[in-house]
Structures are given as structure tokens and as C-alpha cells.
């Protein structure tokens, strides 16, 4: 795991140890949020009941029904919100009496409506005198933070026990990540040239999912050409298959020649403007501070 993934995992561990409330994990698409969450679930205590909601585009009643399905809670087909909450509360109390913990994980939580988010907040009210009965983990894209910052969701935001934003991998982490994946697969680290990995880092912006896709296509390209080493050119060809033909090694940087050309053009325009003002007899503009000094003097 990268440093960012380890830090995210530490935040999840802390939130789970606190018991109750919310844990918030955000990150770009493909940054590894679900992977980190599955990692913490593998390390969860034996007496932990988990409900994993993958499709959050649900109404409040549908979400409650999905949670009950995940936990194996029986309910009538014509159940309403109140009955579902009563059944869930009874389950949580029984689990607590057996020394068990219950965790609700909602992926792609940025798609939850305000009504459903408020219903989720109310679920944390299910508690004993000592602790809340339900731990909730929200996974989502960066816009989830903006959603939770809305005044209407202030009460929910105040119940977040731990939050972390998962960023992209650095160049060094990308190199270590690719080499680790190669080692797990039983291949040598020389399978990818250093220049190829640097190119993959630039083209993928350090997003693990995109690194995986580009590397996969690059290995397939090397196999089709009968070579055992992926170079920079192969990495770019693989990226074109993933992203299309519009591929730039670093789209955030402008060529220095373009910058130089723009500077020359700006200089020529300034010189032309000065010459035109001289020929027309237009006096140069006087700075406001200078004019003020003349009047006060």
C-alpha cells in the first residue's frame, strides 16, 4: 500500500475503534477507496456484521430494505419505513447483547439524496446508554465533501468521527506499485523500463485503476510483438488504447515554445500600442498614485 492508502486505512481503523458515528473516505475515481475498505473488512473482528450497499440510488425505504437484506433481517413485503427501522433496531440490540458489532458501508455515497442522507443520520440514533449500535462508512468521490458541507446536513457532518481523502500515487509510489504487482505475478522488475513507468505515471495521473489498465495493455502489446520488455513507446501506445488518440504525456504543462511565442506576441503588441499612442499624440497614462501626489503637492 502507498503512504496515502496506509493513512486511509489508519483512519478507518480509528473510526471503527471509536464505535458509532460516521467514517468518511473520499477520493478520485479509481484511487482505491473500495480496495482500502475491503482491506479493513478483512481485518475486522470475527464478531462483526457487515452490510455493504453498492447501489446508493435508492429511496429511504429501499435503502432500509437493502440493509435488512444484507444483514439477513426478515420483514414483510409491504413494510414501511417505521417497520424496517423497528426490525433493524431489534437486530442491532440482539447483536449488541451477543457482543457483536454491526457496520454499514455505502459505496458511491455522493449519489445519495438529501432525504436518504438524513435517514442514514437517524440510524445513528439507534443506541444504548453506552454506545451507538451502528457504525457507518461512507465512500465517495470528492464532491461528497461538498455535499456534506451544506447547512442542511450539518448534523450529519458533526457526527463524522474520522475522514480522509485518498489522493493519487506519486512517481515513486507508482514505480513501487508496478514492481510489486509484477513480483506478485512472478515477473522481474525489468519487465517495464523506468522510462515506461514514468510515462505511465504521467498518463495515468497516478490513479491506480488507470495504471492497471495501461500496464495491462502494454503487456499485451509486448506479447504481440514478441518482446519481454515494455518501453516508453509501448506505454504510450497502450495509453492510446485506453484513452483514445488524444494522449499527452503531461496535459497540465504547456510547451515552453508556446510560452515563448506568447511572450513575444505580447511584447510586440505592447510596442505597437506605444508607437500608436505616440503617433496619435495621446499622452501616456499617469498612475493614480502619481496623480494623487501632484494634487496633494
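Once the Cβ-Cβ distance of residue 269 and residue 205 is raised to the sixth power relative to R0 = 35 Å, the FRET efficiency obtained is 0.50.
Spin-label model, residue 153/residue 77: points 7 Å from Cα along the beta carbon direction are separated by 3.5 nm. Site pair residue 70 and residue 115 shows an inter-label distance of 2.1 nm when each label is modelled 7 Å from Cα along Cα→Cβ.
Shown for 2, 204, 79: other C-beta atoms within 10 Å of each C-beta, ranked fewest to most, produce the order 79, 2, 204. Annotation: the residues 102, 128, sorted from fewest to most other C-beta atoms within 10 Å of their own C-beta, follow the order 128, 102.
Each of 227, 184, 233, 103 was scored by other Cβ atoms within 10 Å of its Cβ. Arranged with the fewest first, they read 184, 227, 233, 103. Evaluated at 10 °C with a viscosity of 1.306 mPa s, what Stokes-Einstein diffusion coefficient in µm²/s does region 29-187 have when Rh comes from the Kirkwood expression over alpha-carbon pairs? It diffuses with D of about 91 µm²/s by this estimate.
All of the numbers you see were taken from the coordinates with simple rules; none came from a lab. The structure displayed is predicted, hence computed values, not measured ones. Here Cβ is always computed from backbone atoms with ideal geometry, including for glycine, and neighbour counts include all displayed protein chains.
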